[in-house]
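The values are calculated or read from the model by the stated rules, or taken from the named source; none is laboratory data. Computed from a prediction, not measured in an experiment: that's the story for all the values here. Here the Cβ positions follow ideal geometry from the backbone for every residue, glycine too, while neighbour counts run over all protein chains shown. Note: areas computed on protein heavy atoms with side chains; ligands, DNA, RNA excluded. Shrake-Rupley method; radii C 1.70, N 1.55, O 1.52, S 1.80 Å.
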Amino acid sequence: MSAEQDPINRFSLSFPGLPANVSFARATVAAFAAQVDQFTLEDLEDIRIAVSEAVSNAVIHAYPQSVGPVEVEVALFPDRLEIKVVDHGRGIPDVEQAKTPTFTTLPGERMGLGLTFVQTYMDEVTISSRPGMGTTVWMVKKLPGTLANGGGGIGTAVGRPAP
């Protein structure tokens, strides 16, 4: 998560990399994001899709012959929502290649669009990976109407407690 300021709110999840947990992660992150007035239904759907794809990639590719842990961390800042999906699986040998549309390590089974969708639906995406160590997908969705986007700041649904 970002180090320059403290988040207004945050949470983390850790769960087994089972296909059933993809929808759990997607719904949980979207419910957390829904507390922000500025996010539209379209923004929330973008977040759902990106989280679903990032977690699906961890479930399918990180642990191909087993079930390993997947971690999701979410932090709300005054101008953005940051989401980090982490696995400790086999890693990605070539991240740039993995980000190209239709690239897949499972031809015939997968379309290879997961990371493309993540990049399409989020405002910022950084992927770091080390073979044999795992992968981290860091995503940012900027809050509409915040100073970073030419507006006035976070809405009324979420705010820092009064001192």
#### Entry: Test: residue in segment 74-86 that is charged (D, E, K, R), over 22 Å from Gly17 (Cβ atoms) and touching a residue at least 60 places away in the same chain (Cβ under 8 Å)
yes
### Query
Any residue at all in segment 94-103 that is among the charged types (D, E, K, R), at pLDDT 95 or above and open to solvent by 10 Å² or more (accessible area, probe 1.4 Å)?
no
### Message
Exactly one condition in (1) out of contact with any Leu (no Cβ under 6 Å at 6 or more places or on another chain); (2) closer than 16 Å to Met139 by Cβ is false for Gln35; which is it?
### Response
(2)
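Conditions tested, residue by residue: (1) surrounded by fewer than 19 Cβ atoms within 10 Å (Cβ to Cβ); (2) out of contact with any strand residue (DSSP E or B) (no Cβ under 6 Å at 6 or more places or on another chain); (3) under 25 Å from Pro131 (Cβ atoms); (4) at pLDDT below 95.
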{"residue": "Ala3", "(1), (2), (3), (4)": "yes, yes, no, yes"}
{"residue": "Leu18", "(1), (2), (3), (4)": "yes, yes, yes, yes"}
{"residue": "Phe24", "(1), (2), (3), (4)": "yes, yes, no, no"}
{"residue": "Gln35", "(1), (2), (3), (4)": "yes, yes, no, yes"}
{"residue": "Glu42", "(1), (2), (3), (4)": "yes, yes, no, yes"}
{"residue": "Ala58", "(1), (2), (3), (4)": "no, no, yes, yes"}
{"residue": "His61", "(1), (2), (3), (4)": "no, yes, yes, yes"}
{"residue": "Pro64", "(1), (2), (3), (4)": "yes, yes, yes, yes"}
{"residue": "Val70", "(1), (2), (3), (4)": "no, no, yes, no"}
### Query
Is there a residue being modelled with pLDDT under 80, hydrophobic (A, V, I, L, M, F, W, C) and crowded, with 17+ Cβ neighbours inside 10 Å anywhere in segment 131-140?
no
